[in-house]
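**Student:** If you scroll down you'll find the structure; I have some questions about it.
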Amino acid sequence: RFACVGGASLDVISLLLESHPGAVKVKHGLHATLLHAACDGGASFDTISLLLRAWPDAIKVKHKQYRTPLHAACGSEASLDTISLLLRAWPDAVKEKDRSHQTPLLTACLQGKSLDVISLLLHTWPDAVKANTWGETPLHAACYSGASFDTISLLVATWPDAAKERNRKENTPLHSACEGDASLDTISLLLGMWPEAIEEK
């Protein structure tokens, strides 16, 4: 586990797994697997591939907070290739929600992942753009995290009504954008989608 979190080389992790193959199924902390730990730590594509080959079903294991390895990767520095690999291993992972009712897309938006990652997740499951149980949308998260204008545009184009959604704090995406110090282009886009938002408290 420490090797996966600490960014040990592929050779080191391979050697450890050869010495103790069963370690790949051992759960730690919040009942997270080595795959969770590697995804959380932003491990390399090759390391993630190795762990998946060692135990393919690890992709479907959730830890105590109901987070999947895909959630972990979307909330870390994991690359587009790594996230694509995880999605190929279990496409329906994109529909899973953690204990905070976050999908991997919402997690990725909060983390400020690249446009390519957001596009991949949306392409896999377009409905991920919708609000969760608490009214939080990926657009709220992206606006708050200072996502690029292109990312905001993609989310708005996928579900225009997201601009009018209120989360449990009664905030619209415009509120989130202002709180997150979003760009002028983002503010202008949101106002263009729903001019009355400027009057919302």
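The values are calculated or read from the model by the stated rules, or taken from the named source; none is laboratory data. Owing to the predicted nature of the structure, the values given are computational and were not obtained by experimental measurement. Using ideal geometry, Cβ is built from the backbone for each residue, glycine included, and neighbour counts are taken over all protein chains shown.
**Student:** Do you know which residues across region 145-201 are buried (at least 17 other Cβ atoms within 10 Å of the Cβ), assigned to a helix (DSSP H, G or I) and among the hydroxyl-bearing types (Ser, Thr, Tyr)?
**Tutor:** 145, 151, 158, 176, 186
So that you can scan it fast, the table gives a plain yes or no per residue for (1) under 26 Å from residue 169 (Cβ atoms); (2) of a type in the set (Val, Ile, Thr); (3) touching a His at 6+ places or on another chain (Cβ under 8 Å):
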| residue | (1), (2), (3) |
| --- | --- |
| 52 | no, no, no |
| 61 | no, yes, yes |
| 69 | no, no, yes |
| 101 | yes, no, no |
| 121 | yes, no, no |
| 127 | yes, no, no |
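**Student:** So which pairs qualify, if the first residue must be in region 43-54 and buried (at least 16 other Cβ atoms within 10 Å of the Cβ), the second must be outside any helix (DSSP H, G or I), the Cβ gap must be under 7 Å, and the two must be at least 6 apart or on different chains?
**Tutor:** Listed pairs, sorted by first residue: 43/7; 45/79.
**Student:** Got at least one residue in region 93-115 being in a helix (DSSP H, G or I), more than 22 Å from residue 62 (Cβ to Cβ), out of contact with any Pro (no Cβ under 8 Å at 6 or more places or on another chain) and touching a residue at least 24 places away in the same chain (Cβ under 8 Å)? Before you say what the answer is, go through the steps one by one.
**Tutor:** Filtering region 93-115 for residues in a helix (DSSP H, G or I) gives 93-95, 104-111, 115.
If we keep only those that are more than 22 Å from residue 62 (Cβ to Cβ) as well, we get 115.
With the extra rule that they be out of contact with any Pro (no Cβ under 8 Å at 6 or more places or on another chain), the set shrinks to 115.
Checking the rest, the ones that are also touching a residue at least 24 places away in the same chain (Cβ under 8 Å) come to 115.
Yes, the conditions are met somewhere in region 93-115.
**Student:** Separate question: Against the condition within 20 Å of residue 9 (Cβ to Cβ), aliphatic (A, V, I, L, M) and within 15 Å of the chain's Cα centre (by Cα), how does residue 115 come out, does it pass?
**Tutor:** Details: within 20 Å of residue 9 (Cβ to Cβ): no; aliphatic (A, V, I, L, M): yes; within 15 Å of the chain's Cα centre (by Cα): yes.
It is false that residue 115 is within 20 Å of residue 9 (Cβ to Cβ), aliphatic (A, V, I, L, M) and within 15 Å of the chain's Cα centre (by Cα).
**Student:** Of the residues 145, 114, 153, which single one is closer than 12 Å to residue 190 by Cβ and out of contact with any strand residue (DSSP E or B) (no Cβ under 7 Å at 6 or more places or on another chain)? Give the steps one after another, and end with the answer.
**Tutor:** Values: 145 fails: closer than 12 Å to residue 190 by Cβ; 114 fails: closer than 12 Å to residue 190 by Cβ.
Just a single option satisfies the conditions, and that option is 153.
**Student:** Assess whether residue 8 counts as being at pLDDT below 85, assigned to a loop (DSSP other than H, G, I, E, B) and surrounded by fewer than 21 Cβ atoms within 10 Å (Cβ to Cβ). First the steps, then the outcome.
**Tutor:** Values: at pLDDT below 85: yes; assigned to a loop (DSSP other than H, G, I, E, B): yes; surrounded by fewer than 21 Cβ atoms within 10 Å (Cβ to Cβ): yes.
So residue 8 fits the description; yes.
**Student:** Looking at (1) farther than 21 Å from residue 137 by Cα; (2) modelled with pLDDT of 90 or more, find the lone condition where residue 95 falls short.
**Tutor:** (1) is the only condition that residue 95 fails.
**Student:** Then there is this: Any chance you could count how many residues in region 60-88 are assigned to a helix (DSSP H, G or I) and either buried (at least 24 other Cβ atoms within 10 Å of the Cβ) or free of Cβ contacts under 8 Å to residues at least 40 places away in the same chain (or both)? Don't jump to the end; show me each part of the working.
**Tutor:** Within region 60-88, the first condition is being assigned to a helix (DSSP H, G or I), and the residues that meet it are 60, 69-74, 80-88.
Next cut, either buried (at least 24 other Cβ atoms within 10 Å of the Cβ) or free of Cβ contacts under 8 Å to residues at least 40 places away in the same chain (or both) only: 60, 69-74, 81-84, 86-88.
Qualifying residue count for the region: 14.
**Student:** So the check is Cβ under 7 Å with 6+ separation or different chains; which pairs have a first residue in region 120-134 that's not assigned by TED's automatic domain parsing to the domain that holds residue 87 and a second one that's of a type in the set (Phe, Trp, Tyr) and buried (at least 17 other Cβ atoms within 10 Å of the Cβ)?
**Tutor:** Note: pairs meeting the criteria are 129/159; 130/159.
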